[in-house]
Amino acid sequence: MKKAGSLLLACCSVWSLRAAVVDTLQVSSAKMGRTVNTVVVSPDTVRGAGAAVVYLLHGYGGDEHEWLKLKPEIKEYADRENLIFVCPDGENSWYWDSPQNAASQFETFVSHELVGYIDSRYRTLSSRDKRAITGYSMGGHGAMWLAIRHKDVFGAAGSMSGGLDIRPFPDNWEMKVQIGTRDGGTFDWDDYTVVNQVDRLKNGDLQLIVDCGYDDFFLEVNEKFHEELLKRGIMHDFILRAGAHTAEYWNNAIDYQLLFFLKYFRR
């Protein structure tokens, strides 16, 4: 009995010593001719053939450290669920390839350059059905923009309080820096808003989860995105819950999204 108790204690001690590895990297972008800061959270020991990967995108004004500050528990998720989390600094890019700013080409960077780098450096399960992307606010827009336009790269996507239609907000969040003014500019904002990308989808192309708080200023555009998906017969999870455009809301919402992604990875 004493021997069994000692063995159990030893096993518990080994488990408690396990901790996810947090790397802060500078990832080269040939498209932008510079490096981009990126935080990667990976399991202490990757199990099996490799780990599935979740790309986490931050909102306006954030950087590569936002997700670790917002949800420190992703380190525990990484170890427990054998996941790798990738958190790039998307600056205030809205994750577009800006047509007027050569130094802001984040669609190409995240969907191709960063994914390729992560798959070459880490023990990933490097197929679309083991790769998901999500984010909050600007990052929710970015996750849907990238997943819809790069279905060959991402198999699942989420948005939390996402700016899924930018057009009602023509003077906000430096979008004009990336794509010009809403009216009278060189570039058509209709071409740069997520809700107008839905026609690229057929039902089953992506596993999608969208959520938003009842008191969020993006509530209406999220409801319209949901309606557009339904109109086109594209099945998805759509969740409305108490909350506003806050860190508290996203700290809660990411738990539901990760559960959704884990079920997808394990199909």
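The values are calculated or read from the model by the stated rules, or taken from the named source; none is laboratory data. Not measured: the values here are computed from a predicted model. A quick note on method: Cβ atoms are made from the backbone with ideal geometry, for glycine too, and the neighbour counts reach across all protein chains shown.
For beta carbons closer than 7 Å, sequence separation of 6+ or different chains, a first residue in the range 243-259 that is on the phi > 0 side of the Ramachandran plot and in a loop (DSSP other than H, G, I, E, B) and a second that is among the hydroxyl-bearing types (Ser, Thr, Tyr) and crowded, with 19+ Cβ neighbours inside 10 Å, the qualifying pairs are Gly243/Tyr249. When you check Val177 against the structure, is it within 13 Å of His141 (Cβ to Cβ), outside any loop (DSSP other than H, G, I, E, B), at pLDDT 75 or above and β-branched (Val, Ile, Thr), yes or no? No. Out of all the residues in the range 128-138, is one or more surrounded by fewer than 21 Cβ atoms within 10 Å (Cβ to Cβ) and part of a loop (DSSP other than H, G, I, E, B)? No, the range 128-138 contains no residue that is surrounded by fewer than 21 Cβ atoms within 10 Å (Cβ to Cβ) and part of a loop (DSSP other than H, G, I, E, B). Taking the listed residues Glu107, Glu91, Glu76, the one that is part of a loop (DSSP other than H, G, I, E, B), among the charged types (D, E, K, R) and either without any contact (Cβ under 8 Å) to a residue 60 or more places away in the chain or farther than 30 Å from Thr45 by Cα (or both) is Glu91, with no other qualifying. In the range 221-260, of all residues being among the small types (Gly, Ala, Ser) and in contact with a helix residue (DSSP H, G or I) (Cβ under 8 Å, 6 or more places away or on another chain), the one that is nearest to Cys87 (Cα to Cα) corresponds to Ala247.
Restricting the search to the range 96-125, which residues are in contact with a helix residue (DSSP H, G or I) (Cβ under 9 Å, 6 or more places away or on another chain) and modelled with pLDDT under 95? Answer for the range 96-125, where residues must be in contact with a helix residue (DSSP H, G or I) (Cβ under 9 Å, 6 or more places away or on another chain) and modelled with pLDDT under 95: Trp96, Asp97, Ser98, Pro99, Gln100, Asn101, Ser104. Of all the criteria given as (1) out of contact with any strand residue (DSSP E or B) (no Cβ under 9 Å at 6 or more places or on another chain); (2) in contact (Cβ under 8 Å) with a residue 40 or more places away in the chain; (3) of a type outside the set (Lys, Arg), the one not satisfied by Asn222 is (1). For the range 80-127, filtering for residues that are more than 17 Å from Arg149 (Cα to Cα) and of a type in the set (Ser, Thr, Tyr) leaves 6.
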